[in-house]
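Asks: Got a structure for you, questions after.
The values are calculated or read from the model by the stated rules, or taken from the named source; none is laboratory data. The shown structure was predicted, so the numbers you read here are calculated from the model rather than taken from an experiment. In this analysis, Cβ positions are derived from the backbone assuming ideal geometry, glycine residues included, and neighbour counts consider all displayed protein chains. Areas reflect the complete protein model, heavy atoms only, side chains present, ligands, DNA and RNA absent. Shrake-Rupley method; radii C 1.70, N 1.55, O 1.52, S 1.80 Å.
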Amino acid sequence: MLDTPHPTPAGVTLDERKLAAALSGLHFIGGRYVPALSGKTFEVVNPATGEPVAKAAEGDAADVDAAVRDAARAQKEWAKMPARKRGALVHQCAALLKEHQEELARLIALETGKALRTESRVEAGVVADIFEFYGGLGSELKGESVPFAPNVLSVTVREPLGVVGAIIPWNVPMLLMALKVAPALVAGNTVVVKSAEEAPLAVLRICELMNRVLPPGCFNMLSGFGPECGAPLVAHPLVRKVTFTGSVETGKIVAKAAAEKLVPVTLELGGKSPMIVFADCDFAKTVQGALTSMRFTRQGQSCTAASRIYVERPIFDRFVAEMKKAVDAMVMGDPLDEKTDIGTIISPGQFEKVQAYIEEGKRTPGAVAHECSALPKDPALKKGLFLRPVIFTGLTKESRLVREEIFGPVTVIQPFDDAESVLAEANDSDYGLAASLWTNNLKVALDLAHRLEAGLVQVNQNLVVQANLSYGGVKSSGLGKEASLEAMLEHFTHKKTIMVNMG
Ligand code: ADP
């Protein structure tokens, strides 16, 4: 369905720099690439070298208006299509994304600095999986018949909300975009996405690929800054649902703006996720589990990163020593190199923010900073935003490093003596996104799992978002769920009641 000719290569393109350059200066609106109406652009930088790799279109309210109007036009026809047919098209998109997995992985590694082998390739695979999962759910958009009176047929039907405005961050932009776009589309909505200013390229390419399958206007992509492009999208009168992933501060601004129009919002806002390790755990597996839980391969730039680790006192010292050894063995380097485990921080601003936390931790009396791994030696990477992971011990619960989301490769390990006290500490947080428990005593694990204030609790594992499992937090971690059937039904449709009096 894509208008041709268009500026990007049609086939799988493994030259990520060439593809980045071809994607320069463009939004994707109404089935075609278009520049920003103002003609403005901003630079996209490779955080591993500091070099600009592309220019992104700098969207503003005029671009938002054009995209939303196109999406509103397209939505009327899209909603008329049988839900299973919509699902089948989304399924076809998933197949196309699978074909382009390696291309997308290389592109996202280039713009975000996330290592290809450990992160970027994984994300590109999960994205296709999310579209595939939702593509199969079209026939679940069904209603109920409701007993009312013998001569009255009373039924409910699921109807789409209209145009969905989706705002995404830079840490896993393709995946977080998929969690919003896939259910929205299958449910009969059309979507305008505002990408994160640090990572606009891979999601733009995905939008183009999917527009080869979808009718024009169903899926639109804008790039630009938050206040100039995100805010007008949230405020646009034709946007009937807002879905947002990002910081708590911005989430509150978005929720207030949506409240002005009385449209529903889904918010995924981050966390300070506790990992609780009991002395009876499977020790070696749990040390490895701490590495994955802390998302060190993503430089800790994850809402579910286990940035508070509580270890039962008898194994505390051994656990810290083994964890440090394991993180030391991780290779930091060029994100596109297959040997690399750990890439870079996304941007200079984020780098400074994380460093400030590390400095504050180091200055705290009694604290010990265990700096791990080694910075890359390659001179080509000397301007790269590489930051050594830090494991802190000796910090108390009053520390900002224990209370605030750092969004970097920094975790704090604290000892505990009993289940009740560690539960109280774990719950003593503004956040409530995820938690994990590591023990062979499943009775204790299940009891604590019920009492932990978190949207997702895992025992003896700590996986990232999975299709079919509801994902989303409580407290300041957000509102609403993603990734599941319920997420589609509850957040992207409304239930209409129809009553027919046959008396
Ligand atoms: P981060 O600090 O991780 O960049 P933000 O919450 O600021 O987190 O950004 C997440 C997304 O929200 C980005 O796409 C950003 O452009 C967008 N954004 C920022 N400010 C606003 C705003 N006022 N209205 C709508 N979107 C915004």
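Asks: Angle between the Cα long axis of helix 61-80 and the longest principal axis of the chain, 0 to 90 degrees, nearest 10?
Replies: 60
Asks: Same structure, new question: Can you give me the angle between helix 248-261 and the longest principal axis of the chain, using Cα atoms only, in degrees from 0 to 90, rounded to the nearest 10?
Replies: 20
Asks: Given P409, A321, V277, which one lies farthest toward the positive end of the charge dipole of segment 274-466, if we put +1 on the Cβ of every Lys and Arg and -1 on the Cβ of every Asp and Glu?
Replies: Farthest towards the positive pole: P409.
Asks: A follow-up question, please. Before anything else, pin down the relative contact order of segment 39-121: Cα pairs under 8 Å, at least 6 apart, normalised by residue count, whole percent.
Replies: 29
Asks: What FRET efficiency, computed as 1/(1 + (r/R0)^6) with R0 = 45 Å and r the Cβ-Cβ distance, is obtained for A329 and T156, rounded to the nearest 0.05?
Replies: 0.20
Asks: Heavy-atom accessible area per residue, segment 33-75, 1.4 Å probe: how many Å²?
Replies: The answer is 41 Å² per residue.
Asks: From the residues I206, A435, L267, which one has its Cα farthest along the dipole of the chain in the positive direction, the dipole being from +1 and -1 charges on Cβ of Lys/Arg and Asp/Glu about the Cα centre?
Replies: Result: I206.
Asks: If the only charges are +1 at each Lys and Arg Cβ and -1 at each Asp and Glu Cβ, what is the size of the charge dipole of segment 57-171 around the Cα centre, to the nearest 20 debye?
Replies: Charge dipole, segment 57-171, about its Cα centre: 520 debye, nearest 20.
Asks: Moving on. In Å³ and rounded to a whole number, note down the convex hull volume per residue for the Cα atoms of segment 165-303.
Replies: 140
Asks: Per residue, what volume in Å³ does the convex hull of the Cα atoms of the chain enclose?
Replies: Enclosed volume per residue, from the Cα hull, is 147 Å³.
Asks: Short version: ³J(HN,Hα) in whole Hz for each residue of segment 88-102, in order, from phi by Karplus 6.51 cos²θ - 1.76 cosθ + 1.60 (θ = phi - 60°), x for Gly and Pro, what are they?
Replies: With coefficients 6.51, -1.76 and 1.60, one gets 4, 5, 5, 4, 4, 4, 4, 5, 5, 5, 5, 4, 9, 4, 5 Hz.
Asks: Counting only protein heavy atoms, what percent of the accessible surface of the chain is carbon or sulfur at a 1.4 Å probe?
Replies: Of the solvent-accessible surface of the chain, carbon and sulfur hold 56 percent.
Asks: Next question. Any idea what the dipole of the chain comes to, in debye rounded to 20, about its Cα centre with Lys/Arg Cβ at +1 and Asp/Glu Cβ at -1?
Replies: Dipole of the chain, to the nearest 20 debye: 980 debye.
Asks: Here is a further query. Using a 1.4 angstrom probe, figure out how much accessible area segment 274-466 has per residue, in square angstrom, rounded to the nearest whole.
Replies: For segment 274-466, the solvent-accessible area averages 42 Å² per residue.
Asks: Continuing with the same structure: Could you run the Debye sum over the Cα atoms of segment 369-481, one equal point scatterer each and no solvent, and tell me log10 of I(q)/I(0) at q = 0.15 Å⁻¹, two decimals?
Replies: -0.83
Asks: With charges only on Cβ, +1 for K and R and -1 for D and E, what is the dipole size of segment 274-466 about its Cα centre, in debye, rounded to 20?
Replies: That gives segment 274-466 a dipole magnitude of about 480 debye.
Asks: Let me ask something additional. Once the convex hull of the C-alpha atoms of segment 274-466 is built, how many Å³ does it hold per residue, rounded to a whole number?
Replies: Residue-normalised Cα hull volume stands at 118 Å³.
Asks: Evaluate Rg over Rh across segment 14-154, taking Cα atoms for both radii and Kirkwood's formula for Rh.
Replies: Here the Rg-to-Rh quotient is 1.12.
Asks: Among the lysines, which fall within straight-line cross-link reach of K495, defined as a Cα-Cα distance under 16 Å, with same-chain neighbours fewer than 8 residues apart omitted?
Replies: Straight-line reach from K495, under 16 Å: K142, K241.
Asks: Which longest uninterrupted range of the chain lacks any chymotrypsin sites (Phe, Trp or Tyr not before Pro) assigned by DSSP to a loop state (not H, G, I, E or B) and surrounded by at most 16 other Cβ atoms within 10 Å?
Replies: 226-503
Asks: Charges on Cβ only, +1 for Lys and Arg, -1 for Asp and Glu, centred on the Cα centroid of segment 274-466; of P379, G333, A419, which one is farthest towards the dipole's positive end?
Replies: The listed residue farthest towards the positive side: P379.
Asks: Can I ask one more? Can you give me the Cα centroid spacing of segment 13-58 and segment 347-419 in angstrom?
Replies: A separation of 32 Å, based on Cα centres.
Asks: Helix 348-363 versus the longest principal axis of the chain: what is the Cα-based angle in degrees, 0 to 90, to the nearest 10?
Replies: The angle comes out near 30 degrees.
Asks: Something else about it: Restricting to lysine pairs 8 or more places apart or on different chains, what number in segment 274-466 have Cα atoms under 17 Å apart?
Replies: 6
Asks: While we're here: List the GluC sites (Glu not before Pro) in segment 114-162 that DSSP assigns to loop (not H, G, I, E or B) and whose Cβ has at most 14 other Cβ atoms within 10 Å. Which are they?
Replies: E144
Asks: From Cα pairs below 8 angstrom and at least 6 apart in sequence, can you work out the relative contact order of the chain, rounded to a whole percent?
Replies: Normalised by residue count, the contact order of the chain is 18 percent.
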